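One structure is given here, and the rest of the page talks about it.
The values are calculated or read from the model by the stated rules, or taken from the named source; none is laboratory data. Since the model is a prediction, treat every value here as computed from it, not as a measurement. Because the Cβ atoms are built from the backbone with ideal geometry, glycine has one as well, and the counts that use them run over all protein chains shown. The protein model used for the area step is the full one, side chains on, heavy atoms only, and it has no ligands, DNA or RNA in it. Shrake-Rupley method; radii C 1.70, N 1.55, O 1.52, S 1.80 Å.
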Amino acid sequence: MFAFHLAFPIRDIEETRRFYVDVLGCREGRSTERWIDFDFFGNQISAHRSSEPRSTETSMVDGKAVPLHHFGAVLPRPVWDALRERLEAAGATFLLEPQIRYPGKPSEQGTFFILDPSGNGLEFKSFTSESGMFAQVEAT
């Protein structure tokens, strides 16, 4: 089994639990009053309460400003579409609307960004071709 582990800061355990379980559909793992784990599309993420402010710094990607500090998942297109629909039904605000980036190129991908309740940037991608994930693109 290959999976990654990521720890990240949050403001509140309960609002984080509601977002990751009820909105994103993640399975809850272990938790205490200070942290909570989730099965994030087969990976372990650990949300830890913190009073430190989140960075609002952005970076330009394909001519669009995206959160510099973000994480996410690369999903098969049917799963990506279902998550997009689930988020739309939940009334989620897209920081970057669902779109196809790099159309017609080897790195063609569906992508969108949202923020969790603590302001953490999340990107969800779906590549048209599996080989596209590491294909070279022109920097923009």
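Residue-by-condition table, conditions (1) buried (at least 16 other Cβ atoms within 10 Å of the Cβ); (2) modelled with pLDDT of 95 or more:
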| position | (1), (2) |
| --- | --- |
| PHE41 | yes, yes |
| HIS48 | no, yes |
| GLU52 | no, no |
| MET60 | no, no |
| LYS64 | yes, no |
| TRP80 | yes, yes |
| GLY110 | yes, yes |
| THR128 | yes, no |
| SER131 | no, no |
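So which of SER59, SER55, SER51 is polar (S, T, N, Q) and part of a strand (DSSP E or B)?
Numbers: SER55 fails: part of a strand (DSSP E or B); SER51 fails: part of a strand (DSSP E or B).
Among SER59, SER55, SER51, only SER59 is polar (S, T, N, Q) and part of a strand (DSSP E or B).
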- In the set VAL79, VAL66, which member is among the β-branched types (Val, Ile, Thr) and assigned to a helix (DSSP H, G or I)? VAL79
- Task: Six or more apart or on different chains, Cβ under 6 Å: which pairs go from a residue in region 101-126 that's of a type in the set (A, V, I, L, M) to one that's open to solvent by 30 Å² or more (accessible area, probe 1.4 Å)? Could you list them?
- Result: ILE114/ALA92; ILE114/LEU95; LEU115/LEU95
- region 84-99 - residue that is outside any helix (DSSP H, G or I) and in contact (Cβ under 8 Å) with a residue 24 or more places away in the chain and, of those, most open to solvent (accessible area, probe 1.4 Å): LEU95
- Positions within region 8-39 being touching a strand residue (DSSP E or B) at 6+ places or on another chain (Cβ under 6 Å), open to solvent by 60 Å² or more (accessible area, probe 1.4 Å) and either over 22 Å from VAL79 (Cβ atoms) or assigned to a helix (DSSP H, G or I) (or both), in sequence order: ARG30, ARG34, TRP35
- Under 7 Å between Cβ atoms, at least 6 apart or on separate chains: pull out the pairs that start in region 30-55 with a residue that is farther than 10 Å from PHE8 by Cα and end on any residue that is among the basic types (Lys, Arg) and open to solvent by less than 60 Å² (accessible area, probe 1.4 Å). ILE36/ARG17
- Take GLY72 and decide whether it is open to solvent by less than 40 Å² (accessible area, probe 1.4 Å), among the small types (Gly, Ala, Ser) and within 13 Å of the chain's Cα centre (by Cα). yes
